[in-house]
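Here the structure comes first, spelled out in structure tokens, and everything after it is commentary.
The values are calculated or read from the model by the stated rules, or taken from the named source; none is laboratory data. Remember, it's a predicted structure, so these values are computed and weren't measured experimentally. Note that we place each Cβ from the backbone using ideal geometry, even for glycine, and neighbour counts take in every protein chain shown. Heads up: the accessible areas ignore ligands, DNA and RNA and are worked out on the full protein's heavy atoms, side chains in. Shrake-Rupley method; radii C 1.70, N 1.55, O 1.52, S 1.80 Å.
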Amino acid sequence: MTETEEPRRERSTEAFFGRRNGKTLRPLQRSIRDELLPLLKLDLSESAPNDLRSLFTAEVDKVRLEIGFGGGEHLLHEAARFPKAGFIGVEPFVNSMAKLVVDLHEKPLQNIRLYDDDATQVLDWLPEASLDGIDLFYPDPWPKKKHWKRRFVSQKNLDRFARVLKPGSPFRFASDIDTYVNWTLQHCRIHSEFDWQAETSADWHTPYEAWPGTRYEQKAHREGRIGAYLTFLRR
């Protein structure tokens, strides 16, 4: 393996995401990533602690999960906004993870842990009723119908969410792809453990409180697509 190649992943995945690599990381970016990520990465070879708060060096009173954090805009924003909450961020795309780690190197936060592979591995590792929220924002849409089975929202993954979420905790989903929004509404409607929290169209057209926006969302707006912001509560 050359210096610029990324190591192959050892764990199998359920293929909810596409390519893992983009442009070759710059030497400094790679150096920071290689130094800091091992300190922040969850070790799934060890049993998960019964109390997830012990994963963080900061004193936290709740733990949230963000799946596929992309450029990390929301994850960093929320971690800084809620220093008493712990955040687990999952992102398999090498360049996105490197960007976030460099940002943490420049502005350290003690309430973030990371994982750079398939989020289902983290969900299966976590204890029951251990999370205070799950965020899934602008996930891979897999727009072709033959690929819809690769969308992250499925009955199997909603079962995973229901297992690890505390009762009354939110699952939040945002997307600019109408078919995926409808897909998520349909899947959550038939799942026995989730209730959609919306009374008017404004409830799902309005971004979440203190929403910082994301690079992907800005691109969608430039192309004329508007996001939908759904919230479901674990019963």
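Worth pointing out:
- Using the Cβ-Cβ distance between Ser54 and Ile226 with R0 set to 45 Å, the FRET efficiency from 1/(1 + (r/R0)^6) comes to roughly 0.65.
- Amide H contacts under 5 Å for Val63, placed H, 5+ residues apart: Gly86, Asp132
- Think of a 1.4 Å ball rolled over the protein heavy atoms: the chain then has 53 Å² of accessible area per residue.
- Among Leu158, Gly89, Val63 the positive-end extreme of the charge dipole of the chain (Cβ point charges): Leu158
- With a threshold of 23 Å on the Cα-Cα distance, the over-threshold entries among Lys41/Lys99; Lys84/Lys107; Lys156/Lys219; Lys41/Lys149; Lys144/Lys219; Lys84/Lys166 are Lys156/Lys219; Lys41/Lys149.
- Inter-label distance, Leu28 to Lys107: 1.8 nm, where each label sits 7 Å from its Cα along the C-beta direction.
- Computed FRET value (nearest 0.05) for Thr206 with Trp148, which takes r as the C-beta separation and R₀ as 30 Å: 0.65
- Total charge dipole magnitude, the chain, about the Cα centre, Cβ charges on Lys, Arg, Asp, Glu only, Debye to nearest 20: 700
- A straight chain from Ser192 to Asp178 at 0.36 nm per residue would run longer than the Cα-Cα distance by 2.7 nm.
- The chain - share of DSSP beta bridges that are antiparallel (%, nearest 5): 30
- Label-point separation in nm, Lys219 to Glu199, each point 7 Å along Cα→Cβ: 3.7
- Separation of alpha-carbon centers, the stretch 158-210 and the stretch 87-157, rounded to whole Å: 16
- Theoretical gain in end-to-end length, Leu233 to Ser45 [0.36 nm per residue, Cα-Cα removed]: 64.6 nm
- Measuring nothing but protein heavy atoms, the accessible surface of the chain at 1.4 Å probe radius is 51 percent carbon and sulfur.
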